[in-house]
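Student: First the structure, then my questions, so here it is.
The values are calculated or read from the model by the stated rules, or taken from the named source; none is laboratory data. Quick caveat: nothing in here was measured; it's all calculated off a predicted structure. Here the Cβ positions follow ideal geometry from the backbone for every residue, glycine too, while neighbour counts run over all protein chains shown. Ligands, DNA and RNA are stripped out before the accessible areas are found, and what is left, the full protein with its side chains, is counted by its heavy atoms. Shrake-Rupley method; radii C 1.70, N 1.55, O 1.52, S 1.80 Å.
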There are 2 protein chains.
Amino acid sequence: MTKKEDEKQEYAEVPPKKHPEQEPEPRPRRERKGNADMRRRQLVAATLDSVAKNGLARTTLATVAGEAGLSQGVLVFYFKSKGGLLAAALHAKYARYQEIWQAALDAAGPDPLNKLLAVVEADFTPELCDPEALATWFAFWGEHRFTPQYAEIAEEFDANRMARLTEVCLDLTRQNGGAEDASRAAQMVLWIDTFTDGLWQKLHLNPQGFTRETALSLALEFVHDVIVPRTER
Amino acid sequence: MTKKEDEKQEYAEVPPKKHPEQEPEPRPRRERKGNADMRRRQLVAATLDSVAKNGLARTTLATVAGEAGLSQGVLVFYFKSKGGLLAAALHAKYARYQEIWQAALDAAGPDPLNKLLAVVEADFTPELCDPEALATWFAFWGEHRFTPQYAEIAEEFDANRMARLTEVCLDLTRQNGGAEDASRAAQMVLWIDTFTDGLWQKLHLNPQGFTRETALSLALEFVHDVIVPRTER
DNA sequence: AATTTTTGATTGAGCGCTCAAAATAACTTT
DNA sequence: AAAGTTATTTTGAGCGCTCAATCAAAAATT
C-alpha cells in the first residue's frame, strides 16, 4: 500500500482550536490554503495529542478527530486505517526526537566530549521529559511486540542514532587513547543509551520524587564518571 | 490454543479442553476440590498468558476465558470487572518478580557484594527475560499513566525492592569504606536499577541482536566496574 | 465543469457485563 | 447411606454500547 508516509516533519501550525463546550458555529470557515501534507501533519499531531492525553487504549478516531477539529472520515481519507494513522504518529514522534538530538549535536562544536554531552543533555530537555511525552513513548513501546510496524519504525531511527553516537565515541577514544577502539566505542554507546533509557523509565514510572533535573544531572555524572574514564588509556 | 500452560504456579489443574466443534460431552466431570483462591490464581495466570500472547489491547474477557478453558461469566464472578482482573494480574506479576529476586537474595550468603550480584543476576534469568514476559511488563507500563491503579501496585513493590537493595548497598559501603554512607548507597541503588531497567528495555525493543546473556554480562560488568569502585574510599 | 476534500449517518463487528438458569458441591435429615 | 435441601459455582445467550470503517452526498477548490 503506502510505503513512505512522511519524512521528518516540521509540524503544521495547528489551526482552529475547537472549544468543545461551545455551540455549533454556523460556518466554521475552514481555511485550506495548505496542501495535503500540511493536513497530514496536523492530523498526526492531533493523534499524538490524543495519545499523550488519553493513552493508546482510549485513543479512537473520534478522539483524534475531536482534537483536530475535523470529522472522522477525513482521518480515513488521508491514512487508510487507524493503524496507519498511529504508525505515522509514531514515525513523527521519532522524527521529532531525531531533530532534537541532531540539532544539539550540530551545535556542539568539534570536541567529541562536548558532542556527547550535548546529545545526552538533549535527552532531558523539558519537551522530551514531559510526563505526557514519556507516556506516549511507553504507550507505543507497550505494543511493540504485537505491532511489528512499530518495531520497524523504531529500528530505522535507532540505527541512525547509534551510528552517529558511535562516531562521536570513536572520536573520543581516538582523542584520549591515541588509537581508535571500535569495540570500546560501541560499548560506551551501549552503556550511555542503556542508562538514559533507564532514566526515562524512572521518570515515567515515578514522576514524583524523580525530576527531570535529577535525571539530567545523573546522566551527566554518569558520562563524566563512567564513560570518560573508559576513554583514557 | 494452549501449548504450555505454565509450571511454577500451582494452578488448579485445568479441566478437559473443550473442542468447540465437537458434540457435547455428556459429563465434563469438573473436579473442583480447589477453593476460590485457586480458581482466582488460575484465572490470573490465564490473564497473564493472554497479555503475553496478545498484548493488552487484544486481551478481552473472551481471550482470557478461552485461555482458562472457562466461560467469561466466571471472570466477572471472581473479579468484578475486567479492570479488576488486569490489576490482579499485574499484582501477581510483581509478586512473582519479588519472589524471584528475594529467593536469590536469601540464597546469597552474608557477603553484601554476593547479595548484590545475586539480585542483579536474578533480573536476567530466562523466565524474566523471556520476550513475552518482558512485553507484558511494557504493556502494563504503557498504561501506567492512564490507570493509576497500576502505578499504586508498582509503587508498593518497588518501595520494598529499593529498601532491600539499599540495605545491601549500605552494607557494602560499610564493609569497604569503613563508615556507612547512606547517600552513596542510595545512589548506587539508583544507578544499578536504572541500568538494569535500561537493559530490560533494550531486550524488549531489540530482542534480536541483544541477548539475555549479553545483558547479564553487561549488568555484572557494570556492578564490578562502576558500583564496586564507588564503595571504596 | 471537473476535481479534491470533508462530512456525518450508517453499518456491522466486537466489546464488557448482566442474569436467569443449570450444574455442582456442601450440608441436613432420615 | 440415601434422599432432600441449601449454597456455591458456572454457563452462555443476550443487552447496550463503542468502535473502525464505509460511502453517498455536500462543500470547497481548481
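Student: Over all residues in B:200-209, what is the mean tally of Cβ atoms on other chains that come within 10 Å of each residue's Cβ? Numbers along the way, then the final one.
Tutor: Details: counts 4, 8, 6, 0, 4, 9, 5, 3, 1, 1.
The mean count of partner-chain Cβ atoms within 10 Å per residue comes to 4.
Student: Could you report the buried accessible area between A and B, both sides summed, computed with a 1.4 Å probe and given in Å² to the nearest 100? Before the final figure, lay out the partial values.
Tutor: Values: alone 13250 and 13170 Å², together 22970 Å².
Chain pair A/B: roughly 3400 Å² of buried accessible area.
Student: Hey, if you drop one equal point scatterer on each alpha-carbon of region A:132-220 and run the Debye formula without solvent, what base-10 log of I(q)/I(0) do you get at q = 0.14, 0.19 Å⁻¹?
Tutor: Those come out to -0.66, -0.99, one per q.
Student: A follow-up question, please. Calculated FRET efficiency, B:Asp106 and B:Leu220, Cβ-Cβ r, R0 25 Å, to nearest 0.05?
Tutor: Given R0 = 25 Å and the Cβ-Cβ separation, E is 0.80.
Student: Based on the Cβ-Cβ distance from A:Gln149 to B:Ala179, what FRET efficiency comes out when R0 is 56 Å, to the nearest 0.05?
Tutor: Working: r = 55 Å, r/R0 = 0.98.
In this case the efficiency is close to 0.55.
Student: Which of the GluC sites (Glu not before Pro) found in region A:165-233 are loop residues per DSSP with 13 or fewer other Cβ atoms within 10 Å of their Cβ? Write out the running numbers ahead of the final one.
Tutor: Working: sites: A:Glu167, A:Glu180, A:Glu213, A:Glu221, A:Glu232; in loops: A:Glu180, A:Glu232.
Loop-located and lightly packed - A:Glu232.
Student: Which order do you get for A:Ser50, A:Ser81, B:Ser71 if you rank them by accessible area with a 1.4 Å probe, largest at the top? Write down the numbers at each step before the final one.
Tutor: Working: A:Ser50 0, A:Ser81 50, B:Ser71 70 Å².
So the residues, ranked largest to smallest area, are B:Ser71, A:Ser81, A:Ser50.
Student: Using a 7 Å offset from the Cα along the Cα-to-Cβ direction at both B:Glu132 and A:Phe210, what is the distance between the two label points in nm, to one decimal?
Tutor: 2.8
Student: Which distances, shortest first and in nm, link A:Asp130 to the matching position in the other copies, using label points set 7 Å out along Cα to C-beta?
Tutor: 3.9
Student: Something else: In region B:171-223, if the dipole is taken from +1 on Lys/Arg beta carbons and -1 on Asp/Glu beta carbons about the Cα centre, which of B:Thr194, B:Leu205, B:Ala179 is farthest to the positive end?
Tutor: B:Leu205
Student: Rounded to whole Å and ordered largest first, report the semi-axes of the equivalent ellipsoid of region A:51-125 derived from its Cα gyration tensor (root of 5λ). Provide the component values of the computation, followed by the final result.
Tutor: Numbers: eigenvalues 258, 30, 17 Å².
Whole-Å semi-axes of the equivalent ellipsoid: 36, 12, 9.
Student: In the neighborhood of A:Tyr78, defined by Cβ-to-Cβ distances under 9 Å, what is the net charge if each Lys or Arg adds +1 and each Asp or Glu adds -1? Present the calculation step by step, with values, prior to reporting the outcome.
Tutor: Numbers: positive: A:Arg39, A:Arg40, A:Lys80; negative: none.
Summing Lys/Arg as +1 and Asp/Glu as -1 gives +3.
Student: Continuing with the same structure: When ligands, DNA and RNA are left out and all protein chains stay put, how many square angstrom of accessible area per residue does region A:94-231 have with a 1.4 Å probe?
Tutor: Working: 5300 Å² over 138 residues.
On a per-residue basis, region A:94-231 sits at 38 Å².
Student: Taking a ≥ b ≥ c as the square roots of the Cα gyration tensor eigenvalues, with a/c under 1.5 meaning rounded and otherwise prolate when a/b beats b/c, else oblate, which class fits region A:84-144?
Tutor: On the way: a/c = 3.02, a/b = 2.10, b/c = 1.44.
It comes out prolate by the Cα gyration axes.
Student: Put the label 7 Å from Cα along Cα→Cβ for B:Gln98; what are its distances to the other copies, in nanometres, shortest first?
Tutor: Spacings between copies for this position, smallest first, are 4.3 nm.
Student: Put a label point 7 Å from Cα along the Cβ direction on A:Gly66, then list its distances to the equivalent points in the other copies in nm, shortest first.
Tutor: Here A:Gly66 shows inter-copy label distances of 3.1 nm.
Student: Using the Cα centre as the reference, give the magnitude of the dipole from point charges on the C-beta atoms of region A:94-231 (Lys, Arg: +1; Asp, Glu: -1; all else neutral), rounded to the nearest 20 debye. Mind dumping the intermediate values first?
Tutor: Working: 10 positive and 22 negative charges, 53 e Å.
Dipole about the Cα centre, nearest 20: 260 debye.
Student: Let me have the relative contact order for region B:90-231, percent, based on Cα pairs under 8 Å that are six or more residues apart. Could you put the intermediate results ahead of the total?
Tutor: On the way: 110 pairs, mean separation 39.5, N = 142.
Relative contact order of region B:90-231: 28 percent.
Student: While we're looking at this one, here's another question. Quick one: 3J(HN,Hα) in Hz for region B:119-136, Karplus 6.51/-1.76/1.60 with θ = phi - 60°, rounded, Gly and Pro as x.
Tutor: 3J(HN,Hα) across region B:119-136, in whole Hz: 5, 4, 4, 4, 4, 10, 6, x, 4, 7, 9, 4, x, 5, 5, 5, 4, 5.
Student: Same structure again: Under the Karplus relation 6.51 cos²θ - 1.76 cosθ + 1.60, θ = phi - 60°, what is the ordered set of whole-Hz ³J(HN,Hα) values for region B:207-221, x standing for Gly and Pro?
Tutor: x, 8, x, 8, 9, 4, 4, 4, 4, 4, 5, 5, 5, 5, 4
Student: Which net charge results when you count Lys and Arg as +1 and Asp and Glu as -1 among the other residues whose beta-carbon is under 13 Å from that of A:Trp191?
Tutor: Details: positive: A:Arg184, A:Arg230, B:Lys202; negative: A:Asp193, A:Asp197, A:Asp225, B:Glu221, B:Asp225.
Around A:Trp191, the surrounding residues sum to -2.
Student: Around B:Ala135, under 10 Å between beta carbons, what's the net of Lys plus Arg minus Asp minus Glu among the other residues?
Tutor: -1
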